[in-house]
1. Could you list all residues from the range 85-103 that are open to solvent by 70 Å² or more (accessible area, probe 1.4 Å) and either among the acidic types (Asp, Glu) or part of a loop (DSSP other than H, G, I, E, B) (or both)?
2. So ALA169 fits all but one of (1) part of a helix (DSSP H, G or I); (2) modelled with pLDDT under 90; what number is the exception?
3. Of all residues in the range 181-193, which are surrounded by fewer than 19 Cβ atoms within 10 Å (Cβ to Cβ) and within 14 Å of LYS102 (Cα to Cα)?
4. Considering only the range 104-131, state which residues are within 28 Å of PRO189 (Cβ to Cβ) and open to solvent by less than 80 Å² (accessible area, probe 1.4 Å).
5. If you check every pair at least six apart or on different chains, which have Cβ atoms under 7 Å apart with a residue in the range 99-119 that is in contact (Cβ under 8 Å) with a residue 24 or more places away in the chain and of a type in the set (Lys, Arg) first and a residue that is surrounded by fewer than 16 Cβ atoms within 10 Å (Cβ to Cβ) and in a strand (DSSP E or B) second?
6. Every residue in the range 66-84 that is part of a loop (DSSP other than H, G, I, E, B) and either β-branched (Val, Ile, Thr) or at pLDDT 90 or above (or both), please.
7. Within the range 194-206, restricting attention to residues that are part of a loop (DSSP other than H, G, I, E, B) and open to solvent by less than 30 Å² (accessible area, probe 1.4 Å), which residue is nearest to GLY91 (Cα to Cα)?
8. Does the range 54-65 include one or more residues that are open to solvent by less than 90 Å² (accessible area, probe 1.4 Å) and part of a loop (DSSP other than H, G, I, E, B)?
Amino acid sequence: MNDKIFFSRIYPVIIVGLGVLICSLLIKCAPEVKPEGVKRVIPIIDAKTIQPQSITIPINSQGTIMPSTESQLYPEIRGEVVEVSPQLNEGSSFKKGDILLKIDSRDYELDIKTAEAQLDRAKAALIAQQEEANFQRIQFEASKESEDSVSVLRLNLPQLKEAESNVEAAQANLEKFKRNLEKTTIKAPYDGLVRKKNVDRGTVIG
């Protein structure tokens with residue numbers, strides 16, 4: 001009985017001792033762990049030399065395009081439209097100098113002929129006055145009169161000045177009618193696109 005009590009008391013001590021002994025043996029027999037160095041992985045790259053350059057990047061978008069220059073063409077003279085270019089239709093494009101429409105030029109051609117006739121008459125009158133002034137000058141020089149005694153009327157100078165003015169006025173009138181004739185043809189002032197057309201053949205404009 002006493003032996004059983006003794007073994008029951010010493011048995012746990014023996015188990016604990018064996019456990020401590022086994023743990024000590026495991027610790028002593030365990031392999032030594034050596035720390036390994038951290039290996040750096042070198043990245044693989046692809047190098048390329050880049051040169052600056054201009055590129056066009058297409059961008060898809062929506063919006064309204066507004067023209068930088070917009071003009072409304074009006075004729076400076078009056079007349080009937082006798083010809084309209086297809087380039088004057090809405091949406092059509094045109095180049096600078098293209099003929100867009102023509103106005104009836106017959107009246108302006110007749111004005112030029114009338115102005116040319118007036119210029120011819122003015123030139124003829126000027127020649128006559130020049131001859132008369134030369135004749136009066138010769139008569140004055142032959143009379144051997146003093147310069148103080150001669151009159152501008154006697155030398156025909158006012159009539160000569162008036163004839164010269166009439167020639168200049170006739171030339172200016174002829175140039176005006178020639179310009180009017182040029183205005184019967186309306187040309188595009190620059191490259192562009194027709195937005196709206198307000199005229200057609202047979203329309204009287206001015």
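The values are calculated or read from the model by the stated rules, or taken from the named source; none is laboratory data. Not measured: the values here are computed from a predicted model. Every residue, glycine among them, receives a Cβ derived from its backbone with ideal geometry; neighbour counts consider all protein chains shown. These accessible areas exclude ligands, DNA and RNA; they are computed on the full protein's heavy atoms, side chains included. Shrake-Rupley method; radii C 1.70, N 1.55, O 1.52, S 1.80 Å.
1. Across the range 85-103, the qualifying residues are GLU90, LYS95, LYS96.
2. The number of the failed condition is (2).
3. Step one: list which residues in the range 181-193 are surrounded by fewer than 19 Cβ atoms within 10 Å (Cβ to Cβ), which gives 181-183, 185, 187, 189-193.
Listed by number, the residues that qualify are LEU181, GLU182, LYS183, THR185, LYS187.
4. ASP104, SER105, TYR108, ASP111, ILE112, ALA115
5. Once the first residue is in contact (Cβ under 8 Å) with a residue 24 or more places away in the chain and of a type in the set (Lys, Arg) and sits in the range 99-119, its partners that are surrounded by fewer than 16 Cβ atoms within 10 Å (Cβ to Cβ) and in a strand (DSSP E or B) give LYS102/VAL82; LYS102/GLU83; LYS102/THR185.
6. Let us first name the residues in the range 66-84 that are part of a loop (DSSP other than H, G, I, E, B), namely 66-78.
The answer is THR69, ILE77, ARG78.
7. Narrowing the range 194-206 to residues part of a loop (DSSP other than H, G, I, E, B): 194-203, 206.
Add one more test, that the residue is open to solvent by less than 30 Å² (accessible area, probe 1.4 Å), and what stays is 194, 199.
On the way: VAL194: 5, VAL199: 15 Å.
Ranking the qualifying residues of the range 194-206, first place goes to VAL194.
8. Here is the first cut: in the range 54-65, the residues open to solvent by less than 90 Å² (accessible area, probe 1.4 Å) are 63.
With the extra rule that they be part of a loop (DSSP other than H, G, I, E, B), the set shrinks to 63.
Checked the range 54-65: at least one residue is open to solvent by less than 90 Å² (accessible area, probe 1.4 Å) and part of a loop (DSSP other than H, G, I, E, B).
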